[in-house]
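Following: one structure in structure tokens, then a few remarks.
All of the numbers you see were taken from the coordinates with simple rules; none came from a lab. None of these values were measured; they are calculated from a predicted model. Heads up, the Cβs are rebuilt from the backbone with ideal geometry, glycines too, and the neighbour counts pull from every protein chain shown.
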Amino acid sequence: MSSTTRRTVAVLTILVALGCATTGARQGTPGRKQLVAHRGASAYAPEHTLEAYTLAIEQGADYVEQDLAVTKDGVLVCIHDLTLDRTTNVEEVFPTRFVEDKTGAAPVKRWLVGDFTLAEIKQLDAGSWFNAKFSSAKIPTFQEAIDAVGKRAGLYPELKDPAFYRARGVSPEKLLTDILKKNGLLTTLASARVIIQSFDETTVKLLAKDLPQVPRVLLVEPTNATRIDTQEKIKEVAGWATGLGPNKMIVAARPELVKWAQAAGMTVTPWTFRSSNTGTFPSVRDEMTKFLYDYGVDAVFTDNPDQFPRKRN
Ligand code: G3P
Ligand code: CA
């Protein structure tokens, strides 16, 4: 190796080290408010595409969220829904591969993620529904998301519909555990390169046993708000979860739960803050400011990472 090459390698090594240190410090700084990009920068690019994830990082995300489903051949892929219909052209590519959902007044055709192999899913256009300019976007695997995010931000995977997959004989918790181990992502609670989330208590409790060193957040829907409406109930949840992820309406209705959760050692990360729905707030930045600096939440999920108020103005 020439001395010039050696110097270049040394400089690159230092730069990489500085980059990692910056990211780690950013995510791990106590008291620093955390920006979680909800489905990526999903106000500006199709949710759960590498385009949305990359843009989220460019807009300063501390964490990039991945909702996870399982393919027929057992691969974790990034998609919010149990079905492919809303965000892809599956109906056009596989017109006969639907199941009929008869739970409503009239039967509805649904294309389940779990009925398609990864190779089939990769044939789908996951961007045109959002904007024609994203027609080449694909559904990423979780591995592709890990690779794309790298050390530039943290990962925030949510296991979607785990009971559905368990009923099919699949363990999404094991798939998640295996892929995090394979990628050396079982870091400490303090460094927290990965935070796991689920609405499913069974899932969060299983992960508390299998991955005690990885932070895990229990998500709470407005319909389940009574699950966390007293200090005692929150203390019980703190026995197996490290954070709460309540719908923002739950926090607005009972802001004291933030202090209760923090007193029990948990973080609070409400969802979802988006410019397309700010309720009575003039802007999504104003809404996030209220939650972060008046209610005192630790982090927020937002579709608009570029509007995140790093400081109170
Ligand atoms: O995971 C937090 C938030 O994303 C929950 O809502 O439906 O967007 O996954 P959803
Ligand atoms: Ca989610």
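Size of the dipole of the chain about the Cα centre, Lys and Arg at +1 and Asp and Glu at -1 on the beta carbon, nothing else charged, in debye to 20? Spell out each step's value before the answer.
Numbers: 39 positive and 36 negative charges, 210 e Å.
Magnitude of the dipole: close to 1000 debye.
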Restricting to Cα pairs under 8 Å and 6 or more apart, the percent relative contact order of region 224-296 works out to 29 percent
Counting only residues 5 or more apart in sequence or on a different chain, those whose built amide H sits under 5 Å from that of ARG216 are ILE196, THR242, GLY243
Going from the fewest other Cβ atoms within 10 Å to the most, one would list ILE234, ILE179, ILE195 as ILE179, ILE234, ILE195
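Helix by helix, which DSSP H runs in the chain go 24 Å or more along their axis at the Cα atoms and have an average Kyte-Doolittle hydropathy of 0.5 or more?
On the way: long enough: 3-28 (37 Å, 0.58).
Qualifying helices, which must be both long enough and hydrophobic enough, are 3-28.
Relative contact order for the chain: what is it in percent, counting Cα pairs under 8 Å that are at least 6 residues apart? Before the final figure, lay out the partial values.
Details: 587 pairs, mean separation 55.4, N = 313.
Worked out over the chain, it gives 18 percent.
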Footprinting proxy, THR230, THR71, THR88: sorted fewest to most Cβ within 10 Å, the residues are THR230, THR71, THR88
In the chain, taking the dipole from +1 charges on Lys and Arg beta carbons and -1 charges on Asp and Glu beta carbons about the Cα centre, the listed residue (LEU118, LEU244, ASN131) farthest towards the positive end is LEU244
For region 82-166, the dipole about the Cα centre with charges only on Cβ (Lys and Arg +1, Asp and Glu -1), to the nearest 20 debye, works out at 220 debye
Packing-ranked peptide list from 218-227, 38-47, highest mean Cβ count within 10 angstrom first, is 38-47, 218-227
Amide H proximity to LEU35 below 5 Å, modelled H, separation 5+ or other chain, gives ASP62, TYR63
Of the residues ALA163, THR103, PHE142, the Cα lying farthest along the dipole of region 101-200 towards its positive end, which is defined by charges on the beta carbon of Lys, Arg, Asp and Glu, belongs to PHE142
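If you count the DSSP beta bridges with both ends in the chain, what percent of them are antiparallel, to the nearest 5?
Working: 9 of 34 bridges.
In the chain, DSSP labels about 25 percent of beta bridges as antiparallel.
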The relative contact order of region 66-174, taking Cα pairs under 8 Å that sit 6 or more residues apart, comes to a percentage of 32 percent
